[in-house]
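Heads up, the thing below is written out as structure tokens.
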Amino acid sequence: MWPDRRLTDLLRITHPILQAPMVGPATPALAAEVSNAGGLGALGSAEMTPDQIMKSVAELRGRTNRPFNLNFFVGDAPVTDPAVLARTRDRLRPWYETLGLGEPPEALPALGPSFDDTRLALLLALRPAVVSFHFGLPPAPALAALKSAGILILSTATTVAEAVALEAAGIDAIIAQGYEAGGHRGSHQPTAPADGVGTMALVPQIVDAVRLPVIAAGGIGDGRGIAAAFALGAAGVQMGTAFLSCPEAGTDPARRALLAHATETDTMVTDAVSGRSARAHRSRYAEAMEQAREPLPAFLQLYTLTDPMLEAGQDEIASFHLYGQGARLNRAQPAAELLARLVTEATAAFAKLSSGAATRRQ
Ligand SMILES: Cc1cc2nc3c(=O)[nH]c(=O)nc-3n(C[C@H](O)[C@H](O)[C@H](O)COP(=O)(O)O)c2cc1C
């Protein structure tokens, strides 16, 4: 039924629907259900220790023998200017006071994107069918080692220039992530939160610029969105928000409650929680920080200052519930049922488009 089989053939999956690798919600149970139903399941392994990755992969392999994807964040070691840290502590102090937290931490640990030689060696031993990277790619020798081990490589582009660079680096398919997407924007260099291209504009421009299969991501919530992605020239989709309410997902109860009543305007893009732009539910802290933008500590290091605020549990003041603009389309049902439903809906949307009927959800 799929009008373009490049991605299904490449990844050896039945349906070109990739479950996004989400730190937290993307559990082995979720990934296994998606892979068993014919899509590509993924683990959110970016912030796991090597030991946690090994355990999660063992659990996943106990549940499926189908292909799956392991995902990593890439980037330079974190560097935070001491003056920026001092200024950020001053800016966060009133929020700490409001939340009854005392003084913000004085030092930042060496937290940063974690793809390293240890994880490369682990991947070469574990040999998942697919590895995906966010925020760019690791150095060429690491890519060459993965390729010679027969591991397929995906990475995210948020602009045409990033997609062209990914193709030149020799990867297998490109995830075109539009501004609607929940979670961190996979831009190869940090970008301002307001800086983003929507999926509808991004996908066809990337499709025109590269020969690789393009996977559309961002705001795709049901079969109509999947059909639209194919109309734009994509060979598949990656969906994150849509899977957050599945019972198998590791989504926390507070976010599940928000998703049950989500609207298209709930979220904002902010870099004031992690140090890089991400789409999450609005909070008073994030809105105030965006209104008065100033340089922030490095990606992931900033969590050292904001984690206590998130842990305080006063979500309206400070939270980081990542989800996208399509969240109202989200459905709470088991992942295998959801995948089957997405396939049925996409099939119906393709048929309706060719018959000229309107494509409202039934
Ligand atoms: C809760 C959440 C966590 C995410 N974590 C990751 C991640 O760890 N790695 C990654 O490559 N993408 C991550 N993403 C982004 C997804 O890969 C994808 O671009 C996005 O979910 C697509 O938009 P959608 O949420 O509208 O479907 C995350 C998205 C969400 C919603």
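Taken together, the values in this text are just the output of simple stated rules run on the coordinates, not laboratory data. Keep in mind that what you see is a predicted model, and the values were worked out from it rather than measured. So basically every Cβ, Gly included, is an ideal-geometry build from the backbone, and we count neighbours across all protein chains shown.
Values for this structure:
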quantity: Within a Gaussian network of the chain (alpha carbon springs, distance under 10 Å), most fluctuating of Ala157, Ala231, Ala346; calculated: Ala231
quantity: Trypsin sites (Lys or Arg not before Pro), loop per DSSP, at most 15 other Cβ atoms within 10 Å - longest free stretch of the chain; calculated: 13-210
quantity: Simple label model, 7 Å out from Cα along Cβ direction - Ala209 to Asp90, nm; calculated: 3.9 nm
quantity: Over region 239-282, relative contact order from alpha-carbon pairs under 8 Å, at least 6 apart, %; calculated: 23 percent
quantity: Student exercise, the chain dipole from Lys, Arg, Asp, Glu Cβ charges, in Debye to nearest 20; calculated: 1140 debye
quantity: Label-point gap, in nm, between Asp4 and Asp195 - each point 7 angstrom along Cα→Cβ; calculated: 2.7 nm
quantity: Residue-wise HN-Hα coupling along region 336-344, computed from phi with Karplus coefficients 6.51, -1.76, 1.60 (Hz; x: Gly, Pro); calculated: 5, 5, 4, 4, 4, 5, 4, 5, 4
quantity: Separation between Cα centres of region 284-323 and region 165-229, rounded to whole Å; calculated: 26 Å
quantity: For region 120-155 and region 45-93, distance of Cα centres in Å; calculated: 16 Å
quantity: Cβ-derived FRET efficiency at R0 30 Å, Ala125 paired with Arg341, nearest 0.05; calculated: 0.25
quantity: Other-chain or far-sequence residues with amide H under 5 Å of His184's (modelled H); calculated: Arg279
quantity: Region 110-246 shape via C-alpha gyration tensor axes, a/c threshold 1.5; calculated: prolate
quantity: Total formal charge among the other residues, if their Cβ is under 10 angstrom from that of Ala336, Lys/Arg +1 and Asp/Glu -1; calculated: -2
quantity: Relative contact order (percent, whole number), region 217-356, Cα cutoff 8 Å, 6+ residue spacing; calculated: 37 percent
quantity: Amide H contacts of Ala176 (H built 1.01 Å from N, under 5 Å, at least 5 apart or other chain); calculated: Ala157, Ile215, Ala216, Ala217
quantity: Most fluctuating residue given options Ala58, Ala260, Ala292, as computed from a GNM of the chain linking Cα atoms under 10 Å; calculated: Ala292
quantity: Potential lengthening between Arg331 and Asp81 on full extension [0.36 nm per residue; Cα-Cα distance subtracted]; calculated: 85.7 nm
quantity: Contact order relative to length of region 133-239, as percent, for alpha carbon pairs under 8 angstrom and 6 or more apart; calculated: 25 percent
quantity: Antiparallel DSSP beta bridges within the chain, percent to nearest 5; calculated: 20 percent
quantity: Principal-axis tilt of helix 117-126 within the chain, Cα atoms, nearest 10 degrees; calculated: 30 degrees
quantity: ³J(HN,Hα), Karplus 6.51/-1.76/1.60, whole Hz, each residue of region 127-137, x for Gly, Pro; calculated: 6, x, 5, 9, 10, 10, 10, 10, 6, x, 9
quantity: The chain: most fluctuating residue of His281, His188, His321 per GNM, C-alpha cutoff 10 Å; calculated: His188
